[in-house]
Amino acid sequence: MANTSSAKKATRKIDRRTAINKNRRSRVRTFLRKVEEALLTGDKAAAQAAFSAAQPELMRAASKGVFHRNTASRKVSRLAQRVKALSA
């Protein structure tokens, strides 16, 4: 348990930040799930639309520090490949 007032404040800040990051991570996962579902159904237009929505969301999460930049880029790249393969 935190004893000093600064440690108590730090705990409050961590709790707030954790909640925000959790919300952002959940939001990104939702967008990724929509892309996955569109890919599984084989709907090219829906997959493209879902990917277009998911890409900026992933990169925003990376810029906010929720994901590492390379992780977000890797996920975008792999999704783009799969969407492209669907259209071919």
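Observations on the structure shown:
- Cross-link partners for K64 among the lysines, with Cα-Cα distance under 23 Å and sequence neighbours closer than 8 places in the same chain left out: K9, K13, K22, K34, K75.
- Whether region 43-87 is rounded, prolate or oblate, judged on the alpha carbon gyration tensor where a/c under 1.5 counts as rounded: oblate
- Top positive-direction residue, dipole computed over the chain with Cβ charges, set A10, Q48, A88: A10
- Lys/Arg +1, Asp/Glu -1 at C-beta; the chain dipole; positive extreme among A62, S77, F31: A62
- Placing pseudo-labels 7 Å out from each Cα toward the beta carbon at A49 and A7 gives an inter-label distance of 5.4 nm.
- Nearest-0.05 FRET efficiency for L40 and K84, computed from C-beta distance (R0 22 Å): 0.85
- Rg to Rh, two decimals, where the chain supplies the alpha carbon set and Rh follows Kirkwood: 1.20
- Given charges at beta-carbon only (K, R positive; D, E negative), |dipole| of region 5-87 in Debye: 640 debye
- Normalised by the number of residues in the chain, the mean separation of alpha-carbon contacts (under 8 Å, six or more apart) gives a relative contact order of 26 percent.
Computed from the coordinates by the stated procedures, all read-outs in this text should not be read as laboratory data. What you see is a predicted model; the values in this text were computed from it and never measured. No Cβ is skipped: glycine too gets one built from the backbone with ideal geometry, and neighbour counts run over all protein chains shown.
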